1. Stretched out fully, how many nm does the piece from ALA131 to ALA244 gain, at 0.36 nm a residue minus the Cα gap?
2. List the residues whose amide H sits under 5 Å from the amide H of GLU264, counting only those 5 or more places along or on another chain, with H placed 1.01 Å from N in the peptide plane.
3. With a 1.4 Å probe and every protein chain left in place, tell me how much accessible area GLU159 has, in Å² to the nearest 10.
4. How many Å² of accessible area per residue for the range 333-413, probe 1.4 Å?
5. What length, rounded to one decimal in nm, is gained on full extension from LEU19 through to ARG376, with 0.36 nm per residue of separation minus their alpha-carbon distance?
6. Give the ranking of GLU110, GLU353 by solvent-accessible surface, highest area first, calculated with a 1.4 Å probe.
7. Of all the C-alpha pairs in the range 28-273, what % are more than 35 Å from each other?
8. Counting only protein heavy atoms, what percent of the accessible surface of the range 333-413 is carbon or sulfur at a 1.4 Å probe?
Amino acid sequence: MRDRFPVLVVGGLLFAVILGGFLLRGAARGDFADTLSTYRASENGARALYLLLQESGMAPGRRAMDLQLLDADSPATLLLLAVEVEGAYEADPDETRLATQRDEGLEDEEVPQEGLRALHSAELNADERAALLRRVEAGHSLVLVPWGSRENPLLDALEVKLSKADTSLPMRTLVPPLSTPYTLGTERVEAKVQAYLELPPGAVPLLVDAQLERPVAAVVPYGLGRVLVLGAPELAMNQALARADNAQFWLSALRALGGPGPFEFSEFHHGFSNERSVVDFARRYGLHFAVAQLLLGVGFWAVSLKRFGRPRPPPEALRVGATDALFAMSRLYREGRHHAFAAELITREVTQELALMAGLPAHTPAPAVAEGLAARGRKDLAQGLRALLRQAEGPTTDKELVRLATRAAGLRHRLLPTGSRAPAASPEES
């Protein structure tokens, strides 16, 4: 445990930083999602609309997959809120410039890039558009809330044209031009309008500007299905849902369009998906972040291999090997009757270890080491070293050498911070 303590400290600090980051992101949940995402709880999100449908029993859901493969048997009504469409274009740039503020211009047509997920939002591509139109043509419903007034292939297929609203005008009051199930219980709606609609024959206007009498919301038939097109994205935002009859309009329009539900908000085009692979991580966040994450893991692995603290006892295999080598060397010394030389080696090794304990160089003579140990308050070690030196003066038999080695082992054992003390030497050994 002591050997891994620095690694545990670093890991604990890293865990605290990551946990703090998640807590901060959770506390600021209104800022991590894209504009008009149902995960965004700030003013320009659509979380309130999602919760409104949920509390009304209309079974809302979030779709985290693209629209290329749509279940033809699913009764769910899809909602595309401020989803960019591939191939969008500005049909009349001069009209847009005249209708916007001087510091906006055509930039007002871009969806505000806010939140961490905004950088990963995807456009509705041609394959998704074709699959979506086939689904509506087969009899399903769709809610389309485009941002700005740019034309796109999806609106062209519905034969709906957008006309830029004057952004200098204040918040508009919208009223139903006629009584329909889509506006049941709705007298007036208040929202900022971005575009007015030019509708094809057969379309039913639901909301019109009370003063200009231009349609802002309408139901457009397409094949056997219907599409609710809304030119006021702010009507779906959290900040606008409590005004006038805005909430009632959504409840009435969606009930008339898709019945009791379910309703699916496309969050895939706001940057949320079910993919969690390393390749997807590199694709969405950048290859450098994936490489940095890999290098961080390798770095922690390398640090974990480094040991800290006192030496550990050898593994069983190393211990057995060292024992075999020791027996082999002892046999060589016995056969050559090198008892004095072996005794000198034993005392030298013990003296070197005790010299480190006394704060002296390893090559310090044994008497000086004994004095240093006594000066440091380890008189027991000093006395043991002197006794070892006296016993090592002239061993001539294996039995005397074994006694010397036993005394040396007991003396060395006292250097360990834990463990039992060596047994006291018998009078015979002394």
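1. Roughly 37.0 nm would be gained on extension.
2. GLY61, THR77, LEU78, LEU79
3. Rounded to the nearest 10, that gives 110 Å².
4. 57
5. So the chain would gain 123.7 nm between LEU19 and ARG376.
6. Descending order: GLU110, GLU353.
7. On the way: 1597 of 30135 pairs.
When every Cα pair of the range 28-273 is considered, 5 percent fall beyond 35 Å.
8. For the range 333-413, the apolar C and S fraction of the accessible surface comes to 55 percent.
The values are calculated or read from the model by the stated rules, or taken from the named source; none is laboratory data. As the structure is a prediction and not an experimental result, all values here were calculated from the model. A quick note on method: Cβ atoms are made from the backbone with ideal geometry, for glycine too, and the neighbour counts reach across all protein chains shown. With ligands, DNA and RNA removed, areas are computed over all heavy atoms of the protein, side chains included. Shrake-Rupley method; radii C 1.70, N 1.55, O 1.52, S 1.80 Å.
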